[in-house]
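Peer 1: Shown below is the structure under consideration.
The values are calculated or read from the model by the stated rules, or taken from the named source; none is laboratory data. The structure displayed is predicted, hence computed values, not measured ones. As a convention, Cβ positions derive from the backbone with ideal geometry for all residues, glycine included, and neighbour counts pool all protein chains shown.
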């Protein structure tokens, strides 16, 4: 007799449930997505003990007739697709026909549904077995109640987290799906307490405000771009509105909340060196794409997706985030940031990067410009960007013309520049005090000098051809034998970077030419830093290596705190800072400049109310 046997239906249902239903949040996800597919405009989620005891999801969608209601709980029964071709153009959130059968197999399950709001059907099942069925009067739509989740799979039940943790998983999903569908009113209740509510206005910014509070929503920057293949729209936070994890970065593809680590990384990379280490933005990014160019049929949970032309999409995301930040005023407004929850708090202070500070190197080190009287200029505020429209129509209805030249993007906007500052004085040898017509500013002199140095060094390091000068007397540098072996291997790279170096023996090397951007008289310390970075840095990508080197040099060669600068040095520093591409943060993400409005200062002294 053979050893291989066909499993019974109940066992296969339990196996499928293990793939689809991991926790209470999984049940909520599947039921809510079915409600959205049913064209509901109002979805209520009621939980008891975070859903571990009971979950009820009620919608005002299309409902089902008696025949469909019975069939819906059968494995691989679905109205979403008809044949294999539909798998390559998925336009609904559900399509596998696995969700309801999986839930039914591990719970006590009740379903009430009606298409006309008069006559409906009601069913009750336990562990996949029909318990009762009846005709019932109920409103138009569907109500599903799930009790005693995992009662017949004790191993899964014992591995569930405490109710607070399980609730956090559910709320994480609900907040993201609410942002994906601002046209739907969501209401979530746990133990008779409302934990989430949106109102279905269709305005994404309003939903974000309901989730993250108004002050956060006020500090978001809108994104919109269309390259003919992908449409990007959404919001990203300014630099002072950050969190300690990536969990607040939401990626939505064709109105589906997805997980894609490369896309999340692309959003963070778009901030470049503007963020402090360990800090991440709040972001909601909607991606519209022809369904045939995205594969959502990867995992039963339907969270992971893959794209055609994914590298092109990643570049588009990075550039869109970078451009949106570049055209915005990112000077930290202390009037606003102090009102932010979790911003400038003890967590942020503990995560500040400790900078090694040394003597200031100005871009114009050869000769400081003569300081000129600083005129007070009233700089008009940049126009407030109009929020990107929410794509309400389904992507099935949209016409995609995927041809070269069919490209619609936001008109190029001028990059926001620092205002012209009138220098007032120096505070504790560390902060430069300045003003314009409307605000009072503090500039961190070390962070400012670090930013100026970084942009100079990275620009020079990335040049394909280095301009060099020959040293009158070759410079000798010495390393241990182990380090020398690494230096020898990297000599061709050093030569391409303008550093003409040759082995002299016993761990010694002679340097005969150096790049012109290295200050004269300081060649040895710069060369040793360059070589040490190259042999110790584990980064393999050229850009990462050069970026790390530029940051290290910029920090070590910047003016230190408690160094007092004369007026000429301050004028040169502020002038150089104003020419930077990103004058708002140092290369490690710390703010360079902050401001108070005069109005807020007058409020301190009770001159205004």
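Peer 1: For residue 58, work out the one condition from (1) at pLDDT 65 or above; (2) closer than 26 Å to residue 306 by Cβ it doesn't fulfil.
Peer 2: Here residue 58 clears every test but (2).
Peer 1: Hey, which of the strands (runs of 3 or more DSSP E) in segment 149-228, taking only ones fully inside, have at least 3 residues that are free of Cβ contacts under 8 Å to residues at least 60 places away in the same chain and surrounded by fewer than 16 Cβ atoms within 10 Å (Cβ to Cβ)?
Peer 2: Counting at least 3 such residues, we get 193-197.
Peer 1: Right, next: Looking only at residues that are modelled with pLDDT of 90 or more and part of a loop (DSSP other than H, G, I, E, B) in segment 255-289, which one is farthest from residue 314 (Cα to Cα)?
Peer 2: Per the criteria, the residue is 282.
Peer 1: Further question on the same structure: Please specify each residue of segment 186-202 satisfying the condition of being out of contact with any helix residue (DSSP H, G or I) (no Cβ under 9 Å at 6 or more places or on another chain) and at negative phi.
Peer 2: 187, 189, 193, 194
Peer 1: Now for a different question. Only one of these is modelled with pLDDT under 80 and assigned to a helix (DSSP H, G or I): 554, 485, 534. Name it.
Peer 2: That would be 534, the only listed residue that is modelled with pLDDT under 80 and assigned to a helix (DSSP H, G or I).
Peer 1: Are any residues in segment 132-144 in a strand (DSSP E or B) and surrounded by 18 or more Cβ atoms within 10 Å (Cβ to Cβ), and if so, which ones?
Peer 2: 141, 142, 143, 144
Peer 1: (1) within 29 Å of residue 594 (Cα to Cα); (2) out of contact with any helix residue (DSSP H, G or I) (no Cβ under 7 Å at 6 or more places or on another chain); (3) surrounded by fewer than 20 Cβ atoms within 10 Å (Cβ to Cβ): which one isn't true of residue 269, the others all being true?
Peer 2: (2)
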